[in-house]
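Asks: Dropping the structure in here first, questions after.
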Amino acid sequence: MYIYDQYDQKLVDERVEQYRDQTKRYLDGKISEEEFLPLRLQNGLYVQRLAPMLRVAVPYGLMSSTQVRKMAEISRKFDKGYVHFTTRQNIQLNWPRLAEVPDILAELASVQMHAIQTSGNCIRNTTTDQFAGVAADEIEDPRPWCEIIRQWSTIHPEFAFLPRKFKIAVCGSEEDRAAFLLHDIGIQLVKNEAGETGFHVHVGGGLGRTPVIASSIKPFLPKQHLLTYLDAVLRVYNRYGNRNNKYKARIKILVKAWTPAVFAERVEVEWAQILARDVDGAAQLTASEIERVKTFFPLPDYQTVDETAMNAALQAQANDSLAFSRWLERNVRDQKQAGYSSVTLSLKPAGVAPGDVTDRQLESIANLADQFSNGELRTTHNQNIVIADVIKSQLFEFWQLAKADGLATPTIGTINDMICCPGGDYCSLANAKSIPVAEAIQRRFEDLDYVYDLGDLELNISGCMNACGHHHIGHIGILGVDKKGQEWYQIQLGGSANKNAALAKVLGPSLSRDDVVDGIEKLLDVYVENRLEGEAFLATYQRIGTDKFKERVYAKDA
Amino acid sequence: MQKMLSHGAVAENNWTVLQTPGETLPQGNILVPLKYWLEHGAELDQQAGLVGVWLESDEEVETLVDDLAQLPVVALNFPKFVDGRGFSSARLLRDRYDYQGEIRAIGNVIQDQLFMLQRCGFSQFCLADDVDLEAAVKSLTDFSDGYQTGADQAQPLFKRLR
């Protein structure tokens, strides 16, 4: 992974000292609440319902075992001994003390981490595919490009006070695992006819109150122009985005108002002028810088293995242990390198808030990454952890250790692997709780044979319309709403975050907390009764439409 | 006399910002609104003091391009400090239109924005009356460098140092 040089380190260190001074001035009454707000937000600090919350950046989801151990240590020293993995591949501490945040940031800086721009109306953490570098369908590893964007966006002098938050995702493969069309800018790596890498740029996607799928504005941007073009997009948005109404301030609203074609044209004009003034291409990316960053993402030295023999041995182990075979089926994925697998550690055991892990579990995860991989791991937008490059002959041992630490719940990609925001238990924006709903669903569907029979099913839960739980892109989405002080839940169907991204449609009137799990079960009954052989929930829904689901859920009891 | 920060030091601010210029203009150096400048700019030759123009955050610097050479100061107003349009306006003045005069931040700017404002091309800052300017000066150097190009740097960090 990328290792800081002296310039990267100095910048992060200086940021810690800047924030230390800001915190001191705030506590001394020299900065007003209003002025301190964006300063703390741009250093990751929210004030939540019960306590402050600190969001730590995990750039494009990549962490070293050293960094994970540091998070464990921080959670013990400054918090309650657990952390939360978010849908933006970041990590949240739920109970830090405001006055101690500068010390936490200094601890983070000591392992090349930070919380810069993890909140506020600025360019946020760039995200990508958790299988970057090992996915079989990859055009090119997106991570070097994410790092180049990370550096460009960090303390960008012009774009720290945008109309609203701004999220960028990079997708490097055929299949989209980064939900890039649901970002303010979605960048897809592509090759032209000459085999040169470039970027297909999309703008104006996003979830929240007004979910929109991004529009294409530049089918092929040559790689050396990445940063100048991003400057042009951001400048147009910074100048012309709506600043009067925060609900209309995201770039998607501007793109819609102008139309994507007009927006694209405005960006072209701005970009052409930037290039015209850029003497000798001074601002362009150079081949040497691209190469320098790429050297930080080497592939491991894979052994040449007898994969047939390995698979046979694995099959024998699976035959002996149903639990192991279930884990292999749901949590382990082949890589493009023969004999190697990517393992997903589940952070969704029943009874625990999805994405929460304890300090001890963090240390176990770090140990697994060291023992079975190259000491690196990836956080996912589904709130799990992936350890790549595990040789197949060691999977059984890996499983035993992961299982002992509660990290091997074999439900990846099933209904019990839901995405879930912190909801009303923590978040001051929430209209309803989301964690108890997730738990109730996991408790209802405890029978793994039934869960497996349901197959691939994405269930996403948000506690309010801000959509941190991505409910619009769940095959089944659950949205918490407030009705006269009561918590109600709206059901949505048919969302999808893959290449054919689709937004879910509301099924009908909201259900009460007591009825929501029954409602989900009825949806699943309709699916099971109507599916064709091998057909997944989403495909059945797309084929038969809403009516049957609606009739069942809202049928009056006889 | 009011104070401001100018080129990294505390300085006298002997300019008057006119919100709505009347029949008679005050003595001394004045900053007039863009609209007033576009209508009455030619008549301001008679002024004894210097004349500059101030822009609201939603006014485009492009309007002023032909007049820049005769303006010693262009001030950009921040109605709220979180309204970041002025950052782009300043960069356009410097990078695109080669403006050589003073770019002054007026309105609600805060100490913690100084480093970034300076990188975008601002040379002068009018902060709130209760701000300790001597202390605020330090924020101009909160960071020793930046990754990106700026009005102060045509080349990104990787090209200069790596």
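The values are calculated or read from the model by the stated rules, or taken from the named source; none is laboratory data. Every value quoted in this text rests on a predicted model; they were computed, and no experiment measured them. No Cβ is skipped: glycine too gets one built from the backbone with ideal geometry, and neighbour counts run over all protein chains shown.
Asks: Name the pairs whose Cβ atoms lie under 7 Å apart, with the first residue in the range B:1-27 and at positive phi, the second small (Gly, Ala, Ser), and 6 or more positions between them or separate chains?
Replies: B:His7/B:Ser123
Asks: Within the range A:26-51, track down each residue that is among the basic types (Lys, Arg) and either in contact with a Ser or Thr (Cβ under 8 Å, 6 or more places away or on another chain) or modelled with pLDDT of 95 or more (or both). Don't jump to the end; show me each part of the working.
Replies: Restricting attention to the range A:26-51, the residues satisfying the condition of being among the basic types (Lys, Arg) are A:30, A:40, A:49.
Those that are among the basic types (Lys, Arg) and either in contact with a Ser or Thr (Cβ under 8 Å, 6 or more places away or on another chain) or modelled with pLDDT of 95 or more (or both): A:Arg40, A:Arg49.
Asks: Moving on to the next point. Check A:Asp370, A:Asp301 and return the single one that is acidic (Asp, Glu) and assigned to a loop (DSSP other than H, G, I, E, B).
Replies: Values: A:Asp370 fails: assigned to a loop (DSSP other than H, G, I, E, B).
Only one candidate passes the filter, namely A:Asp301.
Asks: Can I ask one more? Answer yes if at least one residue in the range A:117-131 is out of contact with any helix residue (DSSP H, G or I) (no Cβ under 9 Å at 6 or more places or on another chain) and either among the polar types (S, T, N, Q) or on the phi < 0 side of the Ramachandran plot (or both), and no otherwise. Break it down into steps so the answer makes sense when it comes.
Replies: Taking the range A:117-131 first, the residues out of contact with any helix residue (DSSP H, G or I) (no Cβ under 9 Å at 6 or more places or on another chain) are A:131.
Restricting the remaining residues to those that are either among the polar types (S, T, N, Q) or on the phi < 0 side of the Ramachandran plot (or both) gives A:131.
Yes; the residues of the range A:117-131 include at least one that is out of contact with any helix residue (DSSP H, G or I) (no Cβ under 9 Å at 6 or more places or on another chain) and either among the polar types (S, T, N, Q) or on the phi < 0 side of the Ramachandran plot (or both).
Asks: For the range B:126-148, state whether one or more residues are of a type in the set (Phe, Trp, Tyr), facing chain A (nearest Cβ under 8 Å) and closer than 30 Å to A:Thr295 by Cβ.
Replies: Here is the first cut: in the range B:126-148, the residues of a type in the set (Phe, Trp, Tyr) are B:143, B:147.
From the residues that got through so far, the ones that are facing chain A (nearest Cβ under 8 Å) too are B:143, B:147.
Still in the running and closer than 30 Å to A:Thr295 by Cβ: B:143, B:147.
Yes: the range B:126-148 contains one or more residues that are of a type in the set (Phe, Trp, Tyr), facing chain A (nearest Cβ under 8 Å) and closer than 30 Å to A:Thr295 by Cβ.
Asks: Can I ask one more? Exactly one condition in (1) touching a residue at least 40 places away in the same chain (Cβ under 8 Å); (2) within 30 Å of B:Gln27 (Cβ to Cβ); (3) of a type in the set (Gly, Ala, Ser) is not met by B:Ala151; state its number.
Replies: B:Ala151 satisfies every listed condition except (2).
Asks: For the structure I just gave you, tell me whether A:Asp306 is acidic (Asp, Glu) and either at pLDDT 95 or above or under 29 Å from A:Val58 (Cα atoms) (or both). Outline the logic, then answer.
Replies: Details: acidic (Asp, Glu): yes; either at pLDDT 95 or above or under 29 Å from A:Val58 (Cα atoms) (or both): no.
In short, no.
Asks: If I ask for residues that are at pLDDT 95 or above and of a type in the set (A, V, I, L, M, F, W, C), which ones from the range A:455-478 would you list?
Replies: A:Leu457, A:Leu459, A:Ile461, A:Ile476, A:Ile478
Asks: Go over the candidates A:Asp301, A:Asp278 one by one and state the one that is of a type in the set (D, E, K, R) and within 14 Å of chain B (Cβ to nearest Cβ). Let's see the steps before the verdict.
Replies: Details: A:Asp301 fails: within 14 Å of chain B (Cβ to nearest Cβ).
Among A:Asp301, A:Asp278, only A:Asp278 is of a type in the set (D, E, K, R) and within 14 Å of chain B (Cβ to nearest Cβ).
Asks: Continuing with this model, one more query. Count, please, the residues in the range A:89-106 that happen to be surrounded by fewer than 21 Cβ atoms within 10 Å (Cβ to Cβ) and either closer than 22 Å to A:Arg378 by Cβ or touching a strand residue (DSSP E or B) at 6+ places or on another chain (Cβ under 6 Å) (or both). If you could, list the steps in order and put the result at the bottom.
Replies: Kept after step one, since they are surrounded by fewer than 21 Cβ atoms within 10 Å (Cβ to Cβ), are these residues of the range A:89-106: A:95, A:97-100, A:102-103, A:106.
Checking the rest, the ones that are also either closer than 22 Å to A:Arg378 by Cβ or touching a strand residue (DSSP E or B) at 6+ places or on another chain (Cβ under 6 Å) (or both) come to A:98.
Selection size over the range A:89-106: 1.
Asks: Being closer than 28 Å to A:Val386 by Cα, within 14 Å of chain B (Cβ to nearest Cβ) and assigned to a loop (DSSP other than H, G, I, E, B), is that true of even one residue in the range A:106-116?
Replies: Scanning the range A:106-116, I find at least one residue that is closer than 28 Å to A:Val386 by Cα, within 14 Å of chain B (Cβ to nearest Cβ) and assigned to a loop (DSSP other than H, G, I, E, B), so the answer is yes.
Asks: Any residue at all in the range A:357-368 that's more than 27 Å from A:Tyr2 (Cβ to Cβ), under 23 Å from the mean Cα position of the chain (by Cα) and surrounded by 17 or more Cβ atoms within 10 Å (Cβ to Cβ)?
Replies: yes
Asks: One residue is enough: does the range A:68-87 have a residue meeting the conditions under 22 Å from A:Ile149 (Cβ atoms) and modelled with pLDDT under 95?
Replies: Here is the first cut: in the range A:68-87, the ones under 22 Å from A:Ile149 (Cβ atoms) are A:85-87.
With modelled with pLDDT under 95 added as a condition, the list becomes A:86-87.
Checking the range A:68-87: at least one residue is under 22 Å from A:Ile149 (Cβ atoms) and modelled with pLDDT under 95.
Asks: Could you grab me the full set of residues in the range A:71-117 that are more than 17 Å from A:Asp8 (Cβ to Cβ) and hydroxyl-bearing (Ser, Thr, Tyr)?
Replies: Hits for the range A:71-117 are A:Ser75, A:Tyr82, A:Thr86, A:Thr87.
Asks: Would you be able to tell me the number of residues in the range A:239-257 that are assigned to a loop (DSSP other than H, G, I, E, B) and surrounded by fewer than 18 Cβ atoms within 10 Å (Cβ to Cβ)?
Replies: If we filter the range A:239-257 for residues that are assigned to a loop (DSSP other than H, G, I, E, B), which is where we start, we get A:241-245, A:249-250.
Narrowing the set further to residues that are surrounded by fewer than 18 Cβ atoms within 10 Å (Cβ to Cβ) leaves A:242, A:244-245.
The qualifying residues number 3.
Asks: For residues that are outside any loop (DSSP other than H, G, I, E, B) and either in contact with a helix residue (DSSP H, G or I) (Cβ under 9 Å, 6 or more places away or on another chain) or under 26 Å from A:Glu439 (Cβ atoms) (or both), tally how many sit in the range A:335-366. Show your work before the answer.
Replies: So the first thing to find is which residues in the range A:335-366 are outside any loop (DSSP other than H, G, I, E, B), and the list is A:340-345, A:356-366.
If we keep only those that are either in contact with a helix residue (DSSP H, G or I) (Cβ under 9 Å, 6 or more places away or on another chain) or under 26 Å from A:Glu439 (Cβ atoms) (or both) too, we end up with A:340-341, A:343-345, A:356-366.
Number of matching residues: 16.
Asks: Right, something else. Can you tell me which residue is farthest from the other protein chains (Cβ to nearest Cβ) among those in the range A:288-298 that are touching a residue at least 12 places away in the same chain (Cβ under 8 Å) and in a helix (DSSP H, G or I)? Lay out the reasoning, then the answer.
Replies: The first filter runs over the range A:288-298 and keeps only residues touching a residue at least 12 places away in the same chain (Cβ under 8 Å), leaving A:289-290, A:293-294, A:296-297.
Filter once more, keeping what is in a helix (DSSP H, G or I): A:289-290, A:293-294.
On the way: A:Glu289: 4, A:Ile290: 10, A:Val293: 9, A:Lys294: 13 Å.
Among residues in the range A:288-298 that are touching a residue at least 12 places away in the same chain (Cβ under 8 Å) and in a helix (DSSP H, G or I), the one farthest from the other protein chains (Cβ to nearest Cβ) is A:Lys294.
Asks: Okay, next question. Those residues that are part of a helix (DSSP H, G or I) and more than 12 Å from chain B (Cβ to nearest Cβ), I need them from the range A:258-275; list them, please.
Replies: If we filter the range A:258-275 for residues that are part of a helix (DSSP H, G or I), which is where we start, we get A:258, A:260-275.
Scanning the range A:258-275 gives A:Trp258, A:Pro260, A:Ala261, A:Val262, A:Phe263, A:Ala264, A:Glu265, A:Arg266, A:Val267, A:Glu268, A:Trp271.
Asks: Quick test for you: out of B:Phe115, B:Phe122, pick the one residue that is within 11 Å of chain A (Cβ to nearest Cβ), surrounded by 16 or more Cβ atoms within 10 Å (Cβ to Cβ) and out of contact with any strand residue (DSSP E or B) (no Cβ under 7 Å at 6 or more places or on another chain). I'd like the intermediate steps shown before the answer.
Replies: Numbers: B:Phe122 fails: out of contact with any strand residue (DSSP E or B) (no Cβ under 7 Å at 6 or more places or on another chain).
Step by step, each of B:Phe115, B:Phe122 is checked, and only B:Phe115 is within 11 Å of chain A (Cβ to nearest Cβ), surrounded by 16 or more Cβ atoms within 10 Å (Cβ to Cβ) and out of contact with any strand residue (DSSP E or B) (no Cβ under 7 Å at 6 or more places or on another chain).
Asks: From the residues in the range B:55-107 that are in contact (Cβ under 8 Å) with a residue 60 or more places away in the chain and in a helix (DSSP H, G or I), which one is nearest to the other protein chains (Cβ to nearest Cβ)?
Replies: Going through the qualifying residues, I end up with B:Arg91.
Asks: Oh, and also: Given the criteria within 14 Å of chain B (Cβ to nearest Cβ) and touching a residue at least 24 places away in the same chain (Cβ under 8 Å), does A:Tyr229 qualify?
Replies: Values: within 14 Å of chain B (Cβ to nearest Cβ): yes; touching a residue at least 24 places away in the same chain (Cβ under 8 Å): yes.
Criteria met by A:Tyr229.
Asks: Would you mind finding the one in A:Val343, A:Val386 that is within 30 Å of A:Leu207 (Cβ to Cβ), surrounded by 21 or more Cβ atoms within 10 Å (Cβ to Cβ), without any contact (Cβ under 8 Å) to a residue 60 or more places away in the chain and within 23 Å of the chain's Cα centre (by Cα)? Break it down stepwise before answering.
Replies: Working: A:Val386 fails: without any contact (Cβ under 8 Å) to a residue 60 or more places away in the chain.
After ruling out the rest, the residue left standing is A:Val343.
Asks: Let me ask something else. Please determine, by comparing only the residues of the range A:125-147 that are surrounded by fewer than 24 Cβ atoms within 10 Å (Cβ to Cβ) and aliphatic (A, V, I, L, M), which one is farthest from the other protein chains (Cβ to nearest Cβ).
Replies: Ranking the qualifying residues of the range A:125-147, first place goes to A:Ala136.
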